Structures are given as C-alpha cells and as structure tokens.
Amino acid sequence: MNQIKLIKNRSDIGAGTRGSDMGIDAIEVAAINMGSDYFTRFDYVDVASHNESVYNKVTAVFAKRIGFVVEQCNRVCDAVSESLNEGKFPLVMSGDHSSALGTISGIKKAYPHKRLGVVWIDAHADLHSPYTTPSGNVHGMPLAAAIGEDNTESAVNGVSDHTLGIWNELKAIGADSRKVFPTDIIFFGVRDYEAPEKAVMDKYGIKNYTVAEYRYRGPETCLNEALAQLDDCDLIYISFDVDSLDSDLVSNGTGTPVSKGFDPDEVKNIITGILSCGKVSCLEFTEVNPLLDTKGNRMAEVAFEILEDITDHLLVSGE
C-alpha cells in the first residue's frame, strides 16, 4: 500500500495572475469546512517559495522570473525525489503549473533509468518555449521543457542569450537529457492552445482526448487506449490542473478558466482509471486561485472533493 507524503508548493511566480499561491490553503480550508481531517493524516513538507520575486522588475519578458522558477523547480525536484527515495508516494499540491517541470524532474532524479509517462489533465497544452510564448509566463512551458523542445521552427520572439541560458538550465533539472518522450504524453481535456503548441502536438503525434471525444467514445475506451499507449512506460505521473474543469459549471477560481471542460466526476474517473494500472508514481493538483473565485471557495471545494474521493484508489494503486 502506498504511503502518501504531501508536498505543498505555494508558488505562483510562473503564472500571469497572482493568487494561486493561496490555492493549497484554500483546499485545506475546504477540508476543514467539510469536517475532514485529511490534512492531518499524512506526512508533509512545505517547499520554500520565491513569491516575493513578483515585486521585482521583469528582465526576461519571454520567460518572466525564469531564474526564480529554476530555483523553485529545483526545490520541488528535491522534495519529490526525496519522497520517492523514502518509499513514499509524493502527492504534490502546487500553486501554478510551472513547477510540474520540477515534479517530473524529481521523478527522473529518483529513477533515472526508468521510462516516464505523463497524463496531463488540463485545458492547456503548456508546450510553449520562450521562442513561442505569447505571455512570457513560464506556467505555459513545463511540458516543452520536459521534452526538451525549443520549437524554434514556430519562433515569434527574439530570445536573449541570458534567457536562453536559464531556459537550458530549466530543461536540465534532475536529468541533463529529455525527461519524457513526447509520445509518452497523453492529454485529457486540452482545448485552449496556440498554433506553435499545435505544431508540437502534430510534430510528435501527442494524443489529446478532448472532452467531446471522451464523452462520445466513453471513458473505458479512452482510458484503455491511453494505458495501452503508455504500456512501455515504467512509471506514470498524473498532473491535474483544475482549469480542465468546466469553468461555467464549476467555478472560475483558476488563473486561466476555460468553459466546456470536464465535470468533477469525469476527472475522478480519469484519475482512478489511470491509477488502476499500478504504475502511477506521483500525482499533482495545481492552479486553484481563490482570489478569482466568484462562488466563494468553490474551486477549492471541488478540488478537495476530487482529492478525497480518489485517495483510497491512490493508497492501493502501488500494490
């Protein structure tokens, strides 16, 4: 049975909107208000953050605060690898999604010779690089960094040598080489992306199970196909960004809400379906932003409901 270790990463420096650094606390408040002792049941580590850096002048416009993001991802990498080396299951709770690169790097640091698959439940592909980003926010870049993709063919930005040097540092965290093969990435719910990201998806044939496809073809068919594609992977990492949920149905309490997403039960089914294969080594929840929630603390409440419901499956998935 898995022994869970909570990794609390209250960092939002990779996002374009402040407030996701409060997401973990919002989820804990939701648990308390529901009468749950969830957050007293497991060991945890608080990862130090660089959130004060948001007051600094931005010097890398196509990769804002990337130097601090590198430091943050290194911290997350160490926390995840240490948890795995202790024989515990890292359940990562993050502010913004840029730190997913740190999580992936931590898994590879602990298991450098194992092949890692990624299940990315998100409204966004997060496949930008400094060369292609329209916003400069690094939370749109973690998967590009994980697969070592600069996508210079789609370049629209002139990137300085300084920024490029730090971007290369980011890509090298935990392992100098590509951490994930692009064909070992499965998207669920991606529906808001730019042409350069679509070019990367097409280049490598990255599979995206849209909300419409998931509903039309059915969860069992889609999940069986996804697991078959990842069959050669030794380990799987699941990343759940709450903006994969339908913002109109659930809440807009996230930095980049998108309508026509999944409902909470569908996300539960995806996560538990992937957990059933027994290869999942890490799970991450990210991008809850209570400052943007016009329904009180609804997004955090839904995130906690999903977390609590899938935990029994999480505890036994490694058996």
Percent antiparallel among DSSP beta bridges (both partners in the chain, rounded to 5): 5
Amide H contacts of K207 (H built 1.01 Å from N, under 5 Å, at least 5 apart or other chain): F187
Neighbour-count ranking [beta-carbon atoms within 10 angstrom, fewest first] of L91, L291: L291, L91
Local electrostatic count at Y131 - Lys and Arg +1, Asp and Glu -1, tallied over other residues with Cβ under 11 Å: -3
Gaussian network model of the chain, springs between alpha carbon atoms under 10 Å - residue of R115, R215, R178 with greatest fluctuation: R215
GNM result for the chain, Cα springs below 10 Å: residue of A125, A30, A199 fluctuating most strongly: A199
Cα-based Rg of the chain normalised by 2.2 N^0.38 Å, two decimals: 0.90
Ranking of I4, I236 by count of other Cβ atoms within 10 Å, fewest first: I4, I236
Quotient of C-alpha Rg and 2.2 N^0.38 Å, computed over the stretch 189-319: 1.08
Listed residues F89, F42, F181, most fluctuating in the chain (Gaussian network, C-alpha, under 10 Å): F42
Protection proxy ranking, peptides 94-105, 62-73, average beta carbon neighbours within 10 Å, highest first: 94-105, 62-73
Relative contact order (%) - the chain, alpha-carbon pairs under 8 angstrom, separation at least six: 23
9 Å beta-carbon shell around P182, net charge (K/R +1, D/E -1): 0
Radius 12 Å from Cβ of G16, net charge of other residues (Lys, Arg +1; Asp, Glu -1): 0
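Read-outs: derived from the displayed coordinates by stated rules, not from any lab. Just so we're clear, the structure is a prediction, and the values are computed from it rather than from any experiment. Note: ideal-geometry Cβ built from the backbone for every residue, glycine included; neighbour counts use all protein chains shown.
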